[in-house]
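Data first, discussion second: the structure below is written as structure tokens.
Just so it is clear, none of the values below were taken in a lab; they were calculated from the coordinates. In this text, all values refer to a predicted model and were calculated from it rather than measured experimentally. Don't worry about glycine lacking a Cβ; one is built from the backbone with ideal geometry, like all the others, and counts go over all protein chains shown.
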């Protein structure tokens, strides 16, 4: 026995684990696996809790202001997409906006995986581009000079309350434009204006129209457009702007009119539209020189510049495109926007998870704004989007139909929350509503053509 105890231990070779080492290693693996599943379980609980809170917030908002989303399939898709983003930690607090998610879902035809990929790339782009701070940090000092060689701007609203964006492409001088600015600086200006649109213009239009607005009507005047306008720099700018708009600001063009289109432009358009999604081209109306009647059908004469067949001149601002005329210039409305009043526009009906009924708001209330001509008068107020409360209010809201009762079984994609909601059903919604779904679009198509 003594000999056995005194016998030297078996030699160990470097790099060969002992039995005890294997036990420790196995223990570590089990611990890591336990931590992994613990984290997954935690994320699932977060997603489930967020889903409940999401629906509760929908119910609270449905008692306040603006229209509701009433399509069952859209509601289910938003909830599934929302939980998927939480599980993969792709939902920063300032982007937790169900309506923003809806825009990305629509852009990818409700394919959640494709929408998630688009969302991920958008977050990365915003981080790299510095988009969240661009309205405060970027100063486009050459704007007045740029407008001489590239006339464009917002002016008024259409009959549905959407902002109207206008470009006079036939008057663009690409060579002189590149002498007063650079492609990089113009791209940053373009992004800044898009951000300002979401921060102030859409919310202001929503308050003025008493319904949610998050898309625009665009008018492109192509009178005189020819090969001289299509320089190398022009094409580079077009491609960069189009990619940014398609990838990061989907579903914001409602309608576009291309006016004064001659035979040469129509030939060019027949080529260009083959590269566009059919849903996008269905929103674009190419008109000749007799376009006034069509424009006035959708835009009141008082909101349309005189050079487009309307009655507005904005002489006090040196012309309509220099006025930035719209509800966002009304001091009362602007104050509401900067105070976060338009956040109530982020409203979708709720889905109580045990009854399976869809709740929609039957009686809607809006901020009270007295009729004012303030936004067409001279004003030093500039909507610079400085209030964080006015962010993320870009919410596509389909029209609601009513009158039919709809019942459905609803469950989340990540487990079933152990939660009971006792909210009464205010109104059942017709499940037969069919909203327009389209692919990614360049919207508004600033710089689509030179």
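Within the stretch 289-324, find all residues whose amide N lies under 15 Å from a label point positioned 7 Å from the Cα of residue 171 along Cα-to-beta-carbon. Answer for the stretch 289-324: 305-310, 312-324. Here the extension length gained between residue 306 and residue 266 equals 11.9 nm, from 0.36 nm per residue of separation less the Cα-Cα distance.
Between residue 120 and residue 285, the FRET efficiency estimated from the beta carbon spacing at R0 = 45 angstrom works out to 0.85.
Potential lengthening of the chain between residue 228 and residue 73 amounts to 51.0 nm, from the contour at 0.36 nm per residue minus the alpha-carbon distance.
With neighbour counts taken as other beta-carbon atoms within 10 Å, the residues 125, 328, 119 rank, fewest first, as 125, 119, 328. Here the stretch 59-185 yields Rg over Rh of 1.07, to two decimals, using C-alpha coordinates and the Kirkwood radius.
Annotation: extensible slack from residue 137 through residue 292 equals 51.8 nm (criterion: 0.36 nm per residue apart, minus Cα-Cα distance).
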